[in-house]
Amino acid sequence: MPRLKSAIKRVKTNERNRLHNVTFKSGIKTLTKKVSDLVAKKDLDSAKKALNEAFSLIDRAYVKGIIHLNNAGRKKSKISRWLKALEPKSKS
């Protein structure tokens, strides 16, 4: 256990921030799973709405420094590929 007052404060601050980050990351996982389920059901409209929610949360997590830029890009790319596979292919 820390003895210095500043070290005690850092422990409290780190725990508070960790819990905040966990809720963000959990939300991202939940929305990702929601998009995945909607894609599996082939519900394109609902999947697009869930995709927008997921992208928004991922972008906010990156801006707040909760996840790294490459991590955010990787998550968004993965979700986009699911939706792209669901959309009908146009003949050109």
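A short reminder: the numbers here are calculations on the coordinates, not readings from a lab. None of the values given here were measured: they were computed from a predicted structure. When we count neighbours, we look across all protein chains shown, and the Cβ atoms used for this are built from the backbone with ideal geometry, even at glycine.
Assorted remarks:
- Seen from Lys12, the other residues with C-beta closer than 13 Å to its C-beta sum to a net charge of +4, counting Lys and Arg as +1 and Asp and Glu as -1.
- Folded to 0 to 90 degrees: helix 5-40 orientation relative to the chain principal axis, Cα: 10
- Hits among lysines - C-alpha to C-alpha of Lys76 under 24 Å, sequence gap 8 or more where chains match: Lys25, Lys29, Lys33, Lys34, Lys41, Lys42, Lys48, Lys49, Lys64, Lys84, Lys89
- A helix-only calculation puts the chain at -28500 deg cm²/dmol for mean residue ellipticity at 222 nm, using -39500 (n - 2.57) for each DSSP H run of at least four residues, averaged over all residues.
- Estimated from the Cβ-Cβ distance and a Förster radius of 41 angstrom, the FRET efficiency linking Lys9 and Asn70 is about 0.80.
- Across region 8-85, C-alpha contacts under 8 Å between residues 6 or more apart give a mean separation that, scaled by the residue count, equals a relative contact order of 32 percent.
- Within region 51-92, trypsin sites (Lys or Arg not before Pro) in DSSP loop having at most 16 other beta-carbon neighbours inside 10 Å: Lys64, Lys89, Lys91
- About its Cα centre, the chain has a charge dipole of approximately 420 debye under the convention of +1 per Lys or Arg Cβ and -1 per Asp or Glu Cβ, with nothing else charged.
- Shape of region 2-92, Cα gyration tensor, a/c cut at 1.5: prolate
- Here the Gaussian network model covers the chain, with springs between Cα atoms less than 10 Å apart; of Lys12, Lys42, Lys34, Lys12 fluctuates the most.
- Positive-end extreme of charge dipole, the chain - chosen from Leu57, Leu44, Asn71 (charges on Cβ): Asn71
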